[in-house]
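Computed from the coordinates by the stated procedures, all read-outs in this text should not be read as laboratory data. From a predicted model like this one, the values you see are computed outputs, not experimental measurements. With ideal geometry, Cβ positions are generated from the backbone for all residues, glycine too; neighbour counts draw on all protein chains shown.
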């Protein structure tokens, strides 16, 4: 309670939190504003017949907007897809690689390119949605007046909705607390917890699920959350010694420090990226009634063997890829050498960079395996016990990870103003970047 009271004593932090809550409220209001030109009753009937399919998974990342076909039906996924494409291109295109190394200015330029790329991705995806809705899926007439004007209306509406969400996320990042894009995904997932919990309770009440099984699932999810918190805060500390230095007429004594390397340096980005890439081909397969596309859709159904294998492979790839983007062992070794730092038993310079890279590679493998287990095991339970996708490992990883980062930022604001953290004087909640 003391930590919450300290928030009220910090005007800037209180203003940032209020701004964040208001922006997320605007997003949740937009989720309930339907896009024009669609029969809401027919859409609800179609959605009731697709429970437990790919559409549930797509609906998860749109925060329930796809189910209502609201102005935010595309969600933030086109922006995430654009970010994936740009980050993959940094490895191929030297110009983007140079931009990435230019620090803050280069990052802003790449973010601008990501915004530009988001718009054509939105237009393509919204056009495909319009074509699919006119095709009478499930034998239902979802669009009373199909035609080119409906497609154009859908393209403009959904693209504008995603651009607005993108703007909301950037405003939260700059003027609020936490990463705006991550918090928008977080809000969408959390909003589905209550109806999913109610649906599970109805299954127990109807006898479709045993009470012991439901209790076992609750215990399992608690254990999963505990494991996520433990691993997200876990780190390997490499000891670093600094020799005596003379700067001007002053001599600085040698110091001992450490270089913390996290088990999961990439955070929630790998499962988000992996899920986005897996959903994309399956989504195309659901829009067009071609046999080979439907075969892809069936093969990549969440919980299937091929889906799990590809998901694990993509998670491991993105764990290494994004860690390489965030952490450069050569730059760290050069900075250590510049300030007289060295790892005991390792020569400064290139040898230190090789040592750090070797340790980081092993940690990343452990982190990738941990993330893969968290994301895959619940999918087996979902398929076996018919639990909602909101209880999937990816969503829990996102929720816990984003919550840890946000609480860590709140505590940083409190500590900068000489207040105790949320957990008091002796404890502090570490985020994934601490």
Problem - Relative packing of peptides 225-234, 365-374 - highest average C-beta neighbours within 10 Å first - result: 365-374, 225-234
Handout entry: Distance in nm between pseudo-label sites at residue 111 and residue 131 (7 Å out along the Cβ direction from Cα)
Key = 3.5 nm
Handout entry: Distance in nm between pseudo-label sites at residue 141 and residue 366 (7 Å out along the Cβ direction from Cα)
Key = 6.2 nm
Handout entry: residue 255-residue 299 pseudo-label distance in nm [points 7 Å out on the Cα-to-Cβ vector]
Key = 5.6 nm
Problem - Per-pair calculated FRET efficiency, R0 = 45 Å: residue 91 and residue 219 via Cβ, rounded to 0.05 - result: 0.60
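Return 197, 10, 159 ranked ascending by Cβ neighbour count within 10 Å, so the fewest neighbours appear first.
Ordered from fewest to most neighbouring Cβ atoms within 10 Å, 197, 10, 159 come out as 197, 10, 159.
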Practice task
Give me 241, 32 ranked fewest to most by other Cβ atoms within 10 Å of their Cβ, as a rough exposure proxy.
Solution key: 32, 241
Problem - Ranked list, fewest to most other Cβ atoms within 10 Å of each Cβ, for 259, 89 - result: 89, 259
Problem - Gain on full stretching of the segment that runs from residue 326 to residue 15 - 0.36 nm per residue minus C-alpha separation - result: 108.9 nm
